[in-house]
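We did not get these values from a lab; they are worked out from the coordinates using the rules stated. Note that the coordinates shown come from a computational prediction; the quantities given were computed from them, not determined experimentally. Reconstructed Cβ throughout: ideal geometry from the backbone, glycine too, with neighbour counts over all protein chains shown.
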Amino acid sequence: MKSKVSESIAAALSEIRDGATIMIGGFGRAGQPVELIDALIEQGATDLTIVNNNAGNGETGLAALLAARRVRKIVCSFPRQSDSQVFDGLYRAGLIELELVPQGNLAERIRAAGAGIGAFFTPTGYGTLLAEGKETREIDGRPYVLEYPLRADFALISALHSDPWGNLVYRKTARNFGPIMAAAATTTIAQVDSVVELGALDPEVIVTPGIYVDHVVEVGERPWLRDGVFIGEEAS
Amino acid sequence: MSMGRQELAAIVARDIPEGSYVNLGIGIPTLVGNYLPPGDAVILHTENGMLGMGPAPEPDQVDPDLINAGKQPVTEQAGAAYFHHADSFAMMRGGHLDVCVLGAFQVSERGDLANWHTGAPDAIPAVGGAMDLAIGAKQVFVMMDLLTRDGTPKVVADCTYPLTGVGCVDRIYTDRAVFDVTPEGLVVRETFGTTVDELRELLGLDLKENR
């Protein structure tokens, strides 16, 4: 197997074209692949559809991508937050389209895409505005709503370590959407703190097998870690 | 005397059995965590992929990779486990959580819940995990004031705000009374400085008394 480690972030993102659908991992700032997003802004692709749990926090990362006006539509569960001012402004000005999805349906639609499921019936959202117009069915006396898979052209995710084959391990709640997005996208690009040697990751603890990962970019250890261990200083 | 939020949080915590797997919604329900028995008697779930969530860290121990559903820093208890988002919501939807505690704008007498959207035309809607929590846990508790600031009841015959879930609430903890939602209607379980007759008058609902 050839190494999936890219020579540069720019090389890893070079296939992304205007109009692409891109899943971006992270829950708030935890697990957000900030270096990949910054490089995507630099790369210039526009008219994007973004799938993320949120719609950006503060002025950096996903919020900066929105501020750069590269995003036509966002699919998410929780856009409005205390620090979602960039999205709020674009939405109120009619400059971005929003598809609001209950968080569990978002996760399961992504999972279903990666798992080759054609559609599924879920109890979540039944009888609410977010299920209006959708097919429903009663199964064993309980009402369900039909939901379809959510696929993407690209997934940009963040993990702690990768080996050269793209086997990934994550860290704490920064895992969140990474594993399911990796499987749901045609091309998955993972940024990692560090790439370790083949065989250095215990096969029993690998969370995302490399079959779901196409390109790996090493971005260096984040300031609150040393050798992958939390150092307990004020995080920057 | 009506109940303060802290006192009410203590009452909710009292009613959560040892050994329960529990999700506390963002906002007022997080106060319940302060009154759960110390240690590992109750295991807290957070939707962003963790069981065994501990309290907020000391300021110099804030780990940006370790947050709760409200995106606040938390800690890891011994025996904690991490998992991805689809697993986390399978835990909810699959009925594996024993109790979840949610805030609400309104609850109907049949247990319909409205807690995600005011329906105001200029509001930016955000649903998060509310709809999954509402329909998933074995027992769904709501914790809220009985009245809005302008005195309008929040326990109602029919919700006027957009619904989060249909017939999903089991119990309503408010500053004036605790109600069980039953097939026969609302049953007043406890009152705080008021009577069932006064509550009937205030809410205009047919309330049954706990016997």
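Taking each residue of A:94-107 in turn, how many C-beta atoms of other protein chains fall within 10 Å of its C-beta, and what is the average? List each step's numbers first, then the result.
Values: counts 0, 0, 0, 0, 3, 0, 7, 2, 12, 14, 17, 5, 7, 12.
What the average comes to for A:94-107 is 6.
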Exercise. Using modelled amide H (1.01 Å from N, peptide plane; none on Pro or chain starts), what sits under 5 Å from the amide H of A:Glu97, excluding residues fewer than 5 places away?
Worked result: A:Lys73, A:Ile74
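Placing +1 at every Lys and Arg Cβ and -1 at every Asp and Glu Cβ, with all other atoms neutral, what dipole size does chain A have around its Cα centre, in debye to the nearest 20?
For chain A, the charge dipole is close to 580 debye.
How many percent of DSSP beta bridges within region A:1-98 run antiparallel, rounded to 5?
Numbers: 1 of 11 bridges.
Given both bridge residues lie in region A:1-98, the antiparallel proportion sits at roughly 10 percent.
Using the count of nearby Cβ atoms within 10 Å as a rough guide to exposure, how do A:Lys4, B:Lys71 rank from fewest to most?
If I rank by nearby Cβ atoms, fewest first, I get B:Lys71, A:Lys4.
Could you work out the mean count of beta carbons from other protein chains within 10 Å of each residue's beta carbon in B:67-73?
For peptide B:67-73, the averaged partner shielding equals 5.
Using the 10 angstrom Cβ neighbour count as an exposure proxy, how do A:Leu160, B:Leu205 rank, fewest first?
Details: A:Leu160 21, B:Leu205 17.
Listed from fewest to most nearby Cβ atoms, that is B:Leu205, A:Leu160.
Report the extension gain between A:Phe121 and A:Asp140 in nm, rounded to one decimal, defined as 0.36 nm multiplied by the number of residues separating them, less their alpha carbon distance. Intermediate results must be reported in sequence, preceding the final value.
On the way: separation 19, 0.36 × 19 = 6.84 nm, distance 1.24 nm.
Stretched out fully, the A:Phe121 to A:Asp140 stretch lengthens by 5.6 nm.
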For this session: Counting only DSSP beta bridges with both residues in chain B, tell me the antiparallel percent, nearest 5.
Result: 55
Exercise. Once you charge only the Cβ atoms, +1 for Lys and Arg and -1 for Asp and Glu, what is the size of the charge dipole of region A:26-88 about its Cα centre, to the nearest 20 debye?
Worked result: 260
For this session: Towards the positive end of the charge dipole of region A:78-236, with charges on Cβ (+1 Lys, Arg; -1 Asp, Glu), say which of A:Ala185, A:Trp165, A:Pro79 has the farthest Cα.
Result: A:Pro79
Problem set entry | Amide hydrogen neighbours beyond the local backbone of B:Ala104, cut-off 5 Å, H modeled | B:Met143
Exercise. Of the listed peptides A:34-44, B:13-23, what is their order by residue-averaged count of other C-beta atoms within 10 Å, with the highest listed first?
Worked result: A:34-44, B:13-23
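On average, how many beta carbons from a partner chain sit within 10 Å of the beta carbon of a residue in A:166-175? Numbers along the way, then the final one.
Details: counts 0, 0, 0, 0, 4, 5, 12, 19, 8, 10.
Per residue, the average neighbour count from other chains is 6.
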Problem set entry | Proxy reagent accessibility, fewest Cβ within 10 Å first, across B:Lys138, A:Lys2 | A:Lys2, B:Lys138
For this session: Please turn the phi angles of region A:124-131 into ³J(HN,Hα) values with the Karplus equation 6.51 cos²θ - 1.76 cosθ + 1.60 (θ = phi - 60°), one per residue in order, whole Hz, x for glycine and proline.
Result: 5, x, 4, x, 10, 4, 7, 10
Exercise. Based on DSSP H runs of at least 4 residues, each adding -39500 (n - 2.57), what is the mean residue ellipticity at 222 nm of the protein assembly as shown after dividing by all its residues, to the nearest 500 deg cm²/dmol?
Worked result: -5000 deg cm²/dmol
Exercise. Say the dipole of chain B comes from +1 at the beta carbon of Lys and Arg and -1 at that of Asp and Glu; which of B:Trp116, B:Tyr161, B:Gly49 then lies farthest toward its positive end?
Worked result: B:Tyr161
Problem set entry | Simple label model, 7 Å out from Cα along Cβ direction - A:Tyr148 to A:Met1, nm | 3.3
Exercise. Taking a spot 7 Å from the Cα of B:Asp206 along the direction of its beta carbon, which residues of region B:86-113 have an amide N less than 16 Å from it?
Worked result: B:109-111
Exercise. So who's got an amide H within less than 5 Å of the one on B:Glu190, skipping anything under 5 residues away but keeping other chains? H placed 1.01 Å off N, in plane.
Worked result: B:Val178
Seminar exercise, completed: Packing-ranked peptide list from B:93-103, B:32-42, highest mean Cβ count within 10 angstrom first, is B:93-103, B:32-42
Problem set entry | Label-point separation in nm, A:Ile206 to B:Tyr35, each point 7 Å along Cα→Cβ | 4.9
Exercise. Among all lysine pairs in the protein assembly as shown that are eight or more places apart or on different chains, how many have alpha carbons less than 28 angstrom apart?
Worked result: 11
For this session: Report the full-extension gain for the segment B:Thr75 to B:Thr152: residue separation times 0.36 nm, less the Cα-Cα distance, to one decimal in nm.
Result: 23.9 nm
For this session: Filter the GluC sites (Glu not before Pro) in region A:102-186 to those in DSSP coil with at most 12 other Cβ atoms within 10 Å of their Cβ, and list the result.
Result: A:Glu132, A:Glu135
